[in-house]
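The values are calculated or read from the model by the stated rules, or taken from the named source; none is laboratory data. What you see is a predicted model, and the numbers here were worked out from it, not measured in a lab. In this analysis, Cβ positions are derived from the backbone assuming ideal geometry, glycine residues included, and neighbour counts consider all displayed protein chains. Ligands, DNA and RNA are stripped out before the accessible areas are found, and what is left, the full protein with its side chains, is counted by its heavy atoms. Shrake-Rupley method; radii C 1.70, N 1.55, O 1.52, S 1.80 Å.
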Amino acid sequence: MTAAKTTPTREDILGIARDLAARFDERAAQHDTDGSFPYENYDDLRASGYPALTVPTRFGGWGASLLDAVRAQEILAAGDGSTALAMTMHVQTVGAAAAGEKWSADLFADLCHEVIARGALVNSCATEPELGSPSRGGKPATKARRDGDDWVINGRKTFASMSPVLDYFIIPAALGDEDIIGRFLVPRQPGIVVEDTWDSMGMRSTGSNDVVLNDVRVNDNFKITQSPVGYPDPNKATQNAWFALTVSAVYLGVGVAAQKVALQFAHERVPTALGKPIATLESIQRRLGETEFALGSARAILYHAADQWDRQPDSRAEMGDTIMIAKIAVTNAAIKIVDDAMRVVGGASMTHQLPLERYYRDVRAGLYHPPTDDSALPLLGRVALQRIKPLPK
């Protein structure tokens, strides 16, 4: 990997993302059909220096803001949603840590140096079969026990995106039998087994396999944090802005790609009975207007939330509802854009000759990242009600 000699500007970053997206687009359909992992995409990402996107400039990284990361990930996703979604896990993990998430300063610095030196990739692998998403709280079945100066970790994690190429796994584990959870930065090693379990309807090339840890050892220096087992306050909107907004950007990028296909199709499709492109029909213009409205609205909400997070660090603790609203609004807008694009194209949108059926499958995965609609909307309702007076217990 060749690191950039100077820090890229925002336009440089977006230009690199566009170049990568164009390459990914050429491979996406085949990897989707095969359900295969796009190793060559990660070779390209590393060669471009893209893993350094959110590494702070003091460590030689690109130092991207949340808004820059959101815009870059949206562009990547227009080329291949699966690669962009998986890469988002690295981007947001490093970005959140750089923005102040609790880490040992030396451990984070060491990770950043690895990212710069060799394009090392990291993801937080926290979901488990019994636990489900850790966003709802609870104690993981994965356990870490002391053995001298080491921690020995055993357990299974699911939905470990990018697992075939990860260099580091962030593993939450219960510390012995205590109600305390430690988060460990675990380098890839022989005790980590990636089981090829990922066979999904959409986002088929993310490599979100199961990861099994068998007597994996790390010393205490690799423990990021420890905290009591907890559950989120059911009446307070608290969100990881880096995760929610960069993930939302990926699904918006899929919507952008779908709209582009529909626009091109509308210009090229000339039915015999009409004798001119369907782009001249008001019904088609209206449907495409729906996609443009949804795209513009979603971008406004997403970019504003990311920009507010960047510019107002002292207000971040009160931004949970803003982040939650952005995630729900953007992912649902992306689904609508793809649906309207398919309605413009008609029956041909269901064939493999066009990528719309892939976009349709990919974009729906946005519904299942936290916060989900089913958890966010009642919470937003409670937040609104409590502006008038506290709810009865």
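Things worth noting here:
- Taken over region 257-299, the criterion of being within 30 Å of SER315 (Cβ to Cβ) and surrounded by 13 or more Cβ atoms within 10 Å (Cβ to Cβ) is satisfied by PHE293, ALA294, LEU295, SER297, ALA298, ARG299.
- Those residues of region 104-129 which are small (Gly, Ala, Ser) and either surrounded by 16 or more Cβ atoms within 10 Å (Cβ to Cβ) or touching a strand residue (DSSP E or B) at 6+ places or on another chain (Cβ under 8 Å) (or both), in sequence order: SER104, GLY119, ALA120, SER124, ALA126
- Residue match in region 149-160 (condition: modelled with pLDDT of 95 or more, touching a Phe, Trp or Tyr at 6+ places or on another chain (Cβ under 9 Å), open to solvent by 40 Å² or more (accessible area, probe 1.4 Å) and closer than 30 Å to ARG364 by Cβ): yes
- For first residues located in region 172-195 and more than 23 Å from SER208 (Cβ to Cβ) and open to solvent by 30 Å² or more (accessible area, probe 1.4 Å), partners that are among the polar types (S, T, N, Q) and at pLDDT below 95 and lie 6+ apart or on another chain with Cβ distances below 8 Å form the pairs ILE180/GLN226; ILE180/SER227.
- Conditions (1) in a strand (DSSP E or B); (2) of a type in the set (A, V, I, L, M); (3) touching a His at 6+ places or on another chain (Cβ under 9 Å); number of the one not met by MET162: (1)
- Only one of VAL211, VAL216 that is open to solvent by less than 40 Å² (accessible area, probe 1.4 Å), within 24 Å of PRO370 (Cβ to Cβ) and either outside any loop (DSSP other than H, G, I, E, B) or aromatic (Phe, Trp, Tyr) (or both): VAL211
- Some residue of region 323-334 being open to solvent by less than 40 Å² (accessible area, probe 1.4 Å), part of a helix (DSSP H, G or I) and free of Cβ contacts under 8 Å to residues at least 60 places away in the same chain: yes
- Scanning region 1-59 for residues that are open to solvent by 40 Å² or more (accessible area, probe 1.4 Å), under 26 Å from ALA96 (Cα atoms), of a type in the set (Gly, Ala, Ser) and modelled with pLDDT of 95 or more yields one hit, ALA47.
- For region 343-356, the set of residues classified as open to solvent by 30 Å² or more (accessible area, probe 1.4 Å), closer than 22 Å to SER283 by Cα and in contact (Cβ under 8 Å) with a residue 12 or more places away in the chain consists of ARG343, ALA348, LEU354, listed by residue number.
- Cross-chain or 6+ apart pairs with Cβ under 7 Å, region 234-253 first and more than 17 Å from VAL91 (Cα to Cα), then surrounded by 23 or more Cβ atoms within 10 Å (Cβ to Cβ) and not aromatic (Phe, Trp, Tyr): ALA237/MET324
- You will find that of GLY132, GLY100, GLY137, GLY95, the residue that is surrounded by fewer than 20 Cβ atoms within 10 Å (Cβ to Cβ), within 20 Å of LEU67 (Cα to Cα), out of contact with any strand residue (DSSP E or B) (no Cβ under 8 Å at 6 or more places or on another chain) and not acidic (Asp, Glu) is GLY100 and no other.
- Candidates ALA120, ALA173, ALA144, ALA96 - the one that is assigned to a helix (DSSP H, G or I) and at pLDDT 95 or above: ALA96
- Any hit, region 49-64, residues being of a type in the set (D, E, K, R) and closer than 16 Å to VAL165 by Cβ: no
- For region 339-392, a residue qualifies if it is in contact with a Leu (Cβ under 7 Å, 6 or more places away or on another chain), part of a helix (DSSP H, G or I) and of a type in the set (A, V, I, L, M), and the qualifying residues are ALA341, MET342, VAL344, VAL345, ALA348, LEU385.
- Those residues of region 147-159 which are part of a loop (DSSP other than H, G, I, E, B) and in contact with a helix residue (DSSP H, G or I) (Cβ under 8 Å, 6 or more places away or on another chain), in sequence order: ASP149
- Residue pairs whose Cβ atoms lie under 6 Å apart, sitting 6 or more positions apart in sequence or on different chains, and linking a residue in region 365-390 that is basic (Lys, Arg) to a partner that is surrounded by 11 or more Cβ atoms within 10 Å (Cβ to Cβ), are ARG382/ASN235.
- In region 257-276, the residues that are over 24 Å from ALA334 (Cβ atoms) reach residues that are open to solvent by less than 100 Å² (accessible area, probe 1.4 Å) and part of a loop (DSSP other than H, G, I, E, B) with C-beta atoms within less than 6 angstrom, at least six apart or across chains, in these pairs: VAL270/PRO277.
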